[in-house]
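*Asks:* Before anything else, here's the structure in question.
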Amino acid sequence: MKPKIIAPRLTPVRLADLVEDPAPDFRRGERYDGVRYSRVAADGLELSGTDFAECEFDGASFNEAQLRGAGFRDCVLAEVYAPVFTAARSSLRDVEIRNPRWGSAELYESGWQSVRIDGGKLDYVNLRGSKLVDVQISDCIINELDLGSCTATRVALKNCTVGSLDFSGARLKDFDLRGTDFRSLSGLDSLAGLVVDEYQLTLLAPLLAGQLGITVA
């Protein structure tokens, strides 16, 4: 009997009666509720500790904005652009991210719960030390995904292409990698709780054999 694999439990984001703000004056540590932002630029702004609740971003640019410790709750981020995305120790809860374009994304020690990423292209994503619960990433191209020392529960990567994956020191439970292509994977001693398909297992077999000191002749 096959073990039961629990999929991410995602809460749909439903936004209504949003107020349009075409020229927002974002400030550090402020709270913004129920606003739609279309094609706005927050490049280089100091927004540490800022909170967004029930907001929609469409085509926003956050290049080199400082979002350390920022919070996003019940938000939709569509076509968000940031060659340098700095949001360490941020908090995302009930968030949908659609077709992001991120270069270097520093998201270490963040907390994600019920987060969905659909499409997009990400260069380097640093989620080291983060806590991920109910996260799904679909149809996304990621060059490097660093999940070292993270705690990940009910996480799924679906139909993604990942260059390198790092699970060093991670704690995984129901982490579903099936259907995702990856070039390299590190942290072999932290793969308990990972779910792979038969083809992926053949890719892992030589790495696991080397880790265990097994010679295949």
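*Asks:* Counting pairs of Cα atoms in segment 23-70, how many percent are more than 12 Å apart?
*Replies:* 60
*Asks:* Okay, moving on. With all pairs of different alpha carbon atoms counted, what Kirkwood hydrodynamic radius in Å does segment 1-88 show?
*Replies:* The answer is 14.0 Å.
*Asks:* Just need the relative contact order of the chain here, percent rounded to a whole number, with Cα pairs under 8 Å and 6+ apart.
*Replies:* It comes to 12 percent, rounded to a whole number.
*Asks:* Given N residues in the chain, what is Rg(Cα) / (2.2 N^0.38 Å)?
*Replies:* My calculation over the Cα atoms of the chain gives 1.07.
*Asks:* So, one more: Need one value: the accessible area of E106 in square angstrom, 1.4 angstrom probe, rounded to the nearest 10.
*Replies:* Number for this one is 50 Å².
*Asks:* Taking segment 37-106, how much of its Cα-Cα pair set, in percent, is spaced more than 19 angstrom apart?
*Replies:* The calculated P(r) of segment 37-106 puts 19 percent of pairs beyond 19 Å.
*Asks:* While we're on this one: Quick one: ranking F62, F182 by accessible area, 1.4 Å probe, largest first, what do you get?
*Replies:* F182, F62
*Asks:* Under 21 Å between alpha carbons, and skipping anything fewer than 8 positions from K4 in its own chain: which lysines qualify?
*Replies:* By straight Cα distance, K4 reaches K158, K173.
*Asks:* For segment 101-135 and segment 36-63, what is the centre-to-centre distance using only Cα atoms, to the nearest Å?
*Replies:* Cα centroid of segment 101-135 versus Cα centroid of segment 36-63: 17 Å apart.
*Asks:* Another one. Divide by every residue of the chain the summed helix terms, -39500 (n - 2.57) for each DSSP H run of at least 4, and state the resulting mean residue ellipticity at 222 nm, rounded to the nearest 500 deg cm²/dmol.
*Replies:* The per-residue figure over the chain is -2500 deg cm²/dmol.
*Asks:* Note the angle between two axes, namely the Cα long axis of helix 198-212 and the longest principal axis of the Cα atoms of the chain, as a number of degrees from 0 to 90, rounded to the nearest 10.
*Replies:* 70
The values are calculated or read from the model by the stated rules, or taken from the named source; none is laboratory data. Predicted, not measured: the structure shown is a model, and the values here were computed from it. All accessible areas refer to the heavy atoms of the entire protein, side chains included, with ligands and DNA or RNA removed. Shrake-Rupley method; radii C 1.70, N 1.55, O 1.52, S 1.80 Å.
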